[in-house]
1. Restricted to region 142-183, and to residues that are in a loop (DSSP other than H, G, I, E, B) and either hydroxyl-bearing (S, T, Y) or touching an Asp or Glu at 6+ places or on another chain (Cβ under 8 Å) (or both), which residue is surrounded by the most Cβ atoms within 10 Å (Cβ to Cβ)?
2. Could you please find all residues in region 141-163 being over 17 Å from P109 (Cβ atoms) and of a type in the set (F, W, Y)?
3. For region 115-133, enumerate the residues that are surrounded by 15 or more Cβ atoms within 10 Å (Cβ to Cβ) and modelled with pLDDT of 80 or more.
4. Against the definition (closer than 27 Å to V157 by Cα, among the basic types (K, R) and modelled with pLDDT of 90 or more), how does R112 come out, yes or no?
5. Counting only residues that are hydrophobic (A, V, I, L, M, F, W, C) and under 30 Å from L185 (Cβ atoms), give me the helices (runs of 4 or more DSSP H) lying completely in region 1-94 with at least 1 of them.
6. For residues that are surrounded by 19 or more Cβ atoms within 10 Å (Cβ to Cβ) and hydroxyl-bearing (S, T, Y), scanning just region 1-45, find the one that is modelled with the highest pLDDT.
Amino acid sequence: MSKVDRRIIKSQEAIKTALIELMINKKFDQITIQEISDRANVSRRTVYLHYIDKFDLLDHLIEEHICELRKLCESEDNTGYFDTVLLWFEYFESHYLFFSTMLANQGGPFFRSRFLEFVLQELKSVESLTEGSSPELNDGEDEDVIIQFFGSAIVGVVEAWFKKEKPSSPHHMAQRVGALLERNL
């Protein structure tokens, strides 16, 4: 396994951070590569050396966080929804700048759909999702409709949490969301 040069990692991190910081005050479509390179204190050439364009940069940034969330879900021995949701909220809190920018500020459309896709995949991975749930909830309902409903609800709750600047702790959020999922799925 080849070792990645620390300078490359440092440049990539500076470029990613620059994009997020610029997105706090500016719409993604209005951000230029020159602004990203200036903010990251690297040349435009360095940005293009690592990313095709700003869309590729954003895609890499989003994919990095989705992959980390997926690894968390796979690596932990979660016994229920509470454990999984707690891991998510702790991760969201530790990466506050990224998630608050993506969900509460200008990055929403690009990130929201990818995040929803991740949540839906995680909900689908739960064995017998609707087995044992209340008959009135899924009486004649397609499992995909139920998954879509709860996936959209989770994304909305996370989005509201960031928009309100984390009014509750990750543990409290995990209790509330986990209880809703346990009760209804």
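The values are calculated or read from the model by the stated rules, or taken from the named source; none is laboratory data. Here the structure is a predicted model, which is why all the values come from computation and not from measurement. Methodologically, a virtual Cβ is constructed for each residue, glycine included, from the backbone with ideal geometry; neighbour enumeration extends over all protein chains shown.
1. Among them, the one singled out is K166.
2. Listed by number, the residues that qualify are F149, F150, W161.
3. F115, L116, F118, V119, L120, E122, L123
4. So R112 does not fit the description; no.
5. Details: elements: 6-25, 33-40, 44-50, 54-75, 81-94.
Hits in region 1-94: 54-75, 81-94.
6. S37
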